[in-house]
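Input: a single structure, listed below in structure tokens.
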């Protein structure tokens with residue numbers, strides 16, 4: 001099979017060399033985007049008088065025929081044709097004859113592939129933004145049920161202070177909100193057209209880049225032809241945003257794994273998101289959460305892989321840049337799958353409120369309430385901290401908790417303690433009183449939920 005660029009060559013490469021250099025095994029993912037870009041390009045060529053209306057009509061008809069076959073999975077690709085661009089161009093020529101060869105007038109595979117990737121990633125980022133919002137909605141739905149469910153809050157994985165479980169869940173809502181905003185900002189830089197930049201220097205044909213950009217829905221064109229074909233910043237930004245998103249999902253996954261362990265027993269995952277053991281009949285493993293935690297590493301790897309590919313490349317296009325796609329495709333698949341799984345896990349998980357309540361009554365997470373109580377009565381906080389620390393030590397030695405101490409024990413530590421100290425020690429009251437902006441107090445959590453729902457509704 002003769003290559004479309006083979007005019008100056010006197011011999012063909014070995015088959016295994018063709019296979020090594022070809023990208024068709026993975027860039028066929030860009031099939032529809034390549035046809036979409038070609039349709040815009042040929043219409044621009046006709047509007048600029050470079051091709052006749054008749055030639056344009058023939059090419060458009062051929063491209064639409066290929067698109068229909070592509071959607072029916074009827075196209076067969078060849079390694080000899082290297083990539084999706086040459087495969088489709090060859091098929092077009094077979095479909096409509098030599099006039100199909102005029103499609104490539106005024107463009108190069110360099111600006112063609114860049115255009116395809118911009119079109120592909122624009123669509124995928126829009127899908128990811130929708131999936132993030134769906135996961136946020138699942139969090140809000142679960143959080144609304146548990147505004148007054150009290151759970152230990154942790155620092156250093158040690159019980160710290162009692163908090164609303166809804167407040168804990170909503171921390172992930174706001175992480176995801178930042179992720180969503182980053183992807184939206186990424187979208188503004190993706191939405192730029194490199195089409196018509198040629199191989200690196202533009203073209204002598206009187207093309208109209210603004211018109212082809214308009215046909216493809218791009219907001220603007222690249223101002224520099226070298227930059228247009230060599231820029232992969234928008235992919236790196238996508239991979240970076242995806243890495244941060246996966247880091248957030250991984251942190252949430254880790255907590256879910258802990259919460260459904262025998263040691264915590266705070267939640268139970270739905271069977272649809274768990275698996276069993278081949279040898280231990282009692283096991284119910286949080287495999288989906290573990291997989292998301294594990295797949296975070298491959299997304300990080302895709303980011304560092306592309307950064308490494310690009311770090312020493314001179315302008316403009318280099319074959320190294322063929323390595324920009326597989327990691328991008330893999331990241332899209334990983335991120336979209338993880339978000340879908342996670343939304344299902346969160347919306348279907350059973351919260352074991354009785355175990356959470358038991359946990360906050362059998363620890364010292366209410367110790368700060370004592371220190372705040374004393375500080376509220378005029379004792380310097382550092383002194384109050386010391387007094388309460390000694391009370392905690394006394395409880396540990398007596399194998400009891402702060403609420404088990406008598407009023408006499410409290411009075412011995414400080415005369416500022418009164419009978420109302422027992423009310424202050426109640427986890428429910430401790431959480432309710434924390435009504436500072438953004439705090440875990442119930443009214444604050446309700447306000448946060450209302451704001452979150454407004455954001456999701458686009459208000």
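Before moving on, here are some points about what is shown:
- When peptides 192-200, 415-423, 242-250 are ranked by their average number of other Cβ atoms within 10 Å per residue, the highest-first order is 192-200, 242-250, 415-423.
- Within region 353-379: backbone nitrogen closer than 16 Å to the residue 396 label point (7 Å, Cα to C-beta): 363-368
- Normalising the average separation of contacting C-alpha pairs (under 8 angstrom, six or more residues apart) by the number of residues puts the relative contact order of region 363-456 at 23 percent.
- Gain on full stretching of the segment that runs from residue 285 to residue 15 - 0.36 nm per residue minus C-alpha separation: 92.5 nm
- Sorted by Cβ density within 10 Å, fewest first, the residues 296, 275, 204: 204, 275, 296
- Relative contact order computed over the chain (Cα-Cα under 8 Å; 6+ residues apart), in percent: 16 percent
- Length gained when the stretch residue 141-residue 381 is fully extended (0.36 nm per residue, less Cα-Cα span): 82.5 nm
- Whole-angstrom Cα spans of the chain along principal axes, big to small: 100, 52, 39
- Residue-averaged 222 nm ellipticity for the chain, from DSSP H runs of 4+ at -39500 (n - 2.57), nearest 500: -20000 deg cm²/dmol
- Net lengthening on full extension, residue 433/residue 347 (0.36 nm per residue, minus Cα-Cα): 28.1 nm
- Rounded Å value of the spacing that divides the Cα centres of region 160-179 and region 82-146: 35 Å
- R0 of 30 Å, Cβ-Cβ distance residue 258-residue 420: FRET efficiency to nearest 0.05: 0.30
- Between residue 308 and residue 61, the modelled label-to-label distance comes to 5.1 nm, taking each label 7 Å out from Cα in the direction of the beta carbon.
- Take the Cα radius of gyration of region 6-105 and divide it by 2.2 N^0.38 Å, N being the number of residues; the result is 1.14.
- When Rg and Dmax are taken over the Cα atoms of region 237-339, they come to 17.9, 60 Å.
- Using the average count of surrounding beta-carbon atoms within 10 Å as a protection proxy, the listed peptides 255-267, 440-452, 390-402 rank, highest first, as 440-452, 255-267, 390-402.
- Label-point separation in nm, residue 456 to residue 404, each point 7 Å along Cα→Cβ: 4.2 nm
- Crossing angle, helix 109-144 versus the chain [Cα axis fit, 0-90 degrees, rounded to tens]: 20 degrees
- Packing, as the average of other Cβ atoms within 10 Å across residues, places the peptides 95-102, 284-291, 35-42 in the order 35-42, 284-291, 95-102, highest first.
- Distance between the pseudo-spin-label points of residue 251 and residue 25 (7 Å out from Cα toward the beta carbon): 3.8 nm.
- Helix axis angle, 31-47 relative to the chain longest principal axis, alpha carbon, degrees: 50 degrees
- The spacing between region 395-436 and region 280-299, judged by their C-alpha centroids, is 41 Å.
- Cα gyration tensor, region 44-89 - rounded (a/c under 1.5), prolate or oblate: oblate
- Region 36-164 gives an Rg/Rh value of 1.35, both radii derived from C-alpha positions and Rh following Kirkwood.
- With the largest listed first and rounded to whole Å, the semi-axes of the equivalent ellipsoid of region 363-456 from the Cα gyration tensor are 31, 14, 11.
- With 10 Å bins from 0: P(r) over region 283-379, alpha-carbon pairs, percent: 12, 23, 19, 17, 15, 10, 4, 0
- Rounded to 10°, Cα long-axis angle of helix 233-259 versus longest principal axis of the chain: 30 degrees
Any read-out appearing in this document is the output of simple, stated calculations on the displayed coordinates, not a laboratory observation. Computed from a predicted model, the values in this text were never measured in an experiment. Virtual Cβ from ideal backbone geometry, glycine too; neighbours counted across all protein chains shown.
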